[in-house]
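Undergrad: Take this structure first; my questions come after.
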Amino acid sequence: MFGRSASPATAVGDRVYAIGDVHGRADLLEQMLAAIGQHSAKLSAAQRLHIIFIGDIIDRGPDSRKALEILDEARHRMPELLVLLGNHEEMLLRALAGDESTIRGWMRVGGAETVKSFGLEPLLEGEDAVPWVAALRRAVPTAWAEWIATWPLTARSGDYLFVHAGVRPGVPLKRQVRPHFLWGHEAFLEDTRDHGAVIVHGHTIFPEVDIRRNRIGIDTGAYGSNRLSAICLDGTDQTVITVSGD
Ligand SMILES: [Mn+2]
């Protein structure tokens, strides 16, 4: 049984837009920011507006550099903007730190597209990683790397917890560990127990925003499906917003 009412709510006065994995689709990211602006303008003013990106801004899609540039520009004029860390940003940070085994794995899961967007060639099999890492550090603005390193793992509003991938079922929220927030847990998606909050997450692609009693999956696979989704949580209201590419 759930310990609270059947209708989860944001903290009083909070309106939260949570956006799914962008994965290098700078075009859909721009469309989504515009769509959120239009949606929010039609509602009465919230006491506190929050726009939360669920992580995995980079990799797989064609323009990770532009996606980061858009968010970096937006954060300076939108104090309500928050970007959570995803496992793909974790790989970028490890790559910048010179972790060679991470780099080689990262190239195979979409990192190649990210480094191309910064004007670099992917690290080849057998290629010396040391000069390649030096080139990556020159290509990625230091201010962006330092900013990404500050992206939090979670955010909370009322009954909702926002996190990139998920939690380990059966473990209290205060005892959850970083790897499950970033990479998920094999039992998370199908577990029906109360996790201590309704977990709003990305990382796993669903054809439509997946609204369950104990979690909401908002990743509709923008890089492959051409559809980037978000959910607006306002008190007990839940409204899905989706933007589509050409
Ligand atoms: Mn992910």
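Undergrad: Where does each of R48, R65, R108, R25 land when they are ordered by accessible area, with a 1.4 Å probe and the largest first?
TA: Correct descending sequence by accessible area is R108, R48, R65, R25.
Undergrad: Counting only other residues whose beta carbon sits under 11 Å from that of H39, what net charge do I get with K and R as +1, D and E as -1?
TA: Net local charge, H39 excluded: +1.
Undergrad: Then there is this: Charges only on Cβ, +1 for Lys and Arg, -1 for Asp and Glu: so what's the dipole of the chain about the Cα centre, in debye to the nearest 20?
TA: The calculation lands at about 740 debye.
Undergrad: Counting pairs of alpha carbon atoms under 8 Å apart in space and at least six apart in sequence, what relative contact order in percent does segment 68-137 give?
TA: Answer for segment 68-137 is 24 percent.
Undergrad: Still on this structure, I have one more. Which angle from 0 to 90°, rounded to the nearest 10, does the C-alpha axis of helix 26-42 make with the longest principal axis of the chain?
TA: 20
Undergrad: Rounded to the nearest 500, what is the chain's calculated 222 nm mean residue ellipticity when only DSSP H runs of at least 4 contribute -39500 (n - 2.57) each, over all residues?
TA: Helix-only estimate at 222 nm: -9500 deg cm²/dmol.
Undergrad: Let me ask something else about it. Any idea what angle helix 87-96 forms with the longest principal axis of the chain, computed on alpha-carbon atoms, 0 to 90 degrees, nearest 10?
TA: Between helix and principal axis, roughly 30 degrees.
Undergrad: Sorting H50, H195 by accessible area (1.4 Å probe), largest first, what list results?
TA: If we order H50, H195 from most to least accessible, we get H50, H195.
Undergrad: If the cut-off is 17 Å between C-alpha atoms, which lysines fall inside it for K66, apart from same-chain ones fewer than 8 positions away?
TA: K116
Undergrad: What does the charge add up to near L49, with Lys and Arg as +1, Asp and Glu as -1, over the other residues with Cβ less than 10 Å from its Cβ?
TA: -1
Undergrad: In the calculated pair distance distribution of segment 88-245, what percentage of Cα-Cα distances lie above 23 Å?
TA: Cα-Cα pairs of segment 88-245 separated by over 23 Å account for 49 percent.
Undergrad: Here's a follow-up. Give me the distance between the Cα centres of segment 102-116 and segment 6-74, rounded to whole Å.
TA: 25
Undergrad: Anyone know which of H185, H164, H203 comes out most mobile in the 10 Å Cα GNM of the chain?
TA: In the Gaussian network model the winner is H185.
Undergrad: With springs only between Cα atoms under 10 Å apart, run a GNM on the chain and tell me which of I70, I231, I218 wobbles the most.
TA: With Cα springs under 10 Å in the chain, the top fluctuation among I70, I231, I218 is at I70.
Undergrad: Separate question: What figure in square angstrom, to the nearest 10, would you give for the accessible area of S44 with a 1.4 Å probe?
TA: Ignoring ligands and nucleic acids, S44 comes out at about 90 Å².
Undergrad: Can you give me the convex hull volume of the Cα atoms of segment 30-96, divided per residue and expressed in Å³?
TA: Here the figure is 97 Å³ per residue.
The values are calculated or read from the model by the stated rules, or taken from the named source; none is laboratory data. As the structure is a computational prediction, the values presented were derived from the model and not from experiment. Glycine also receives a Cβ, built like all others from the backbone with ideal geometry; neighbour counts cover every protein chain displayed. Please note that ligands, DNA and RNA were not included when accessible areas were found on the heavy atoms of the full protein model with its side chains. Shrake-Rupley method; radii C 1.70, N 1.55, O 1.52, S 1.80 Å.
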